[in-house]
Amino acid sequence: MSLSEQFPTDDLHPIDVVEHIAEHHEWDFDRVADDQIAMAVEGQWRTYSITLAWSGYDETLRLICTFEMEPPEEKLPLLYETLNRTNDMCWSGAFTYWAEQRLMVYRYGLVLAGGQVVLPEQIDRLIATAVSSSERFYPAFQLVAWGDQSPEEAMRVAIAEAYGRA
């Protein structure tokens, strides 16, 4: 049975759909507000903090997937170069580093303009893509920050897609 068959989405708010998906996967989550939900999704390398927020103003469902990272200050230029290389390999979403919060961040916005309805499969794929991208590039970020490898060398570990699922 597909997720769409399990959860009628016609009249549901996008965050309600996300909540049903989190319950389905038995993820820890907190409904922060009517338009926002935060959850923890276990990966191979870490537990990822994922927040989805709905903006009615621009009809966009925003996903932010974060994990802590505290690279040495002198490694930041190499980390930023690695981020550029990483984003060239991402077909959807993009990574950034929030130095003040010491967080690596994967972001994506799903535009639902014109009153479009989000399907559970879309949200499930959105979350799975965030986690698999984080899993795929996490080792490269670590090798640059602490392994004394160049961005070119570190990116070799991210050539293949990560296996498994969120």
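The values are calculated or read from the model by the stated rules, or taken from the named source; none is laboratory data. Just so it is clear, the model here is predicted, and its values are computed rather than measured. So basically every Cβ, Gly included, is an ideal-geometry build from the backbone, and we count neighbours across all protein chains shown. These accessible areas exclude ligands, DNA and RNA; they are computed on the full protein's heavy atoms, side chains included. Shrake-Rupley method; radii C 1.70, N 1.55, O 1.52, S 1.80 Å.
Entry comment: accessible area of the chain is 55 Å² per residue, from protein heavy atoms only and a probe of 1.4 Å.
Here the extension length gained between Trp45 and Glu23 equals 5.7 nm, from 0.36 nm per residue of separation less the Cα-Cα distance. Treating segment 59-115 as a set of equal point scatterers at the Cα positions, no solvent, please give the Debye-formula log₁₀ I(q)/I(0) at q = 0.17, 0.30 Å⁻¹. Treating every Cα as an identical point scatterer, log10 I(q)/I(0) equals -0.61, -1.22.
For segment 38-43, backbone phi angles converted through the Karplus equation (6.51, -1.76, 1.60; θ = phi - 60°) give residue-by-residue couplings of 10, 8, 10, 10, 7, x Hz, Gly and Pro being listed as x.
Can you list the residues of segment 16-45 with backbone N under 13 Å from a point 7 Å past the Cα of Val117, pointing along Cα to Cβ? Once the point is set 7 Å along Cα→Cβ of Val117, 17 turn out to lie under 13 Å by backbone N, inside segment 16-45.
All other residues whose Cβ lies under 13 angstrom from that of Pro151 are scored, Lys and Arg at +1 and Asp and Glu at -1, for a net of -2.
With everything on Cα atoms, drop me the angle between helix 76-89 and the longest principal axis of the chain, reported from 0 to 90° to the nearest 10. In the chain, helix 76-89 runs at an angle near 50 degrees to the longest axis. Dividing the Cα radius of gyration of the chain by its Kirkwood radius returns 1.00 for Rg/Rh. The share of accessible area on the chain that comes from carbon and sulfur is 48 percent, using a 1.4 angstrom probe.
Net length available on complete extension from Asn87 to Asp16 is 22.5 nm, with 0.36 nm assigned per residue and the Cα-Cα distance removed.
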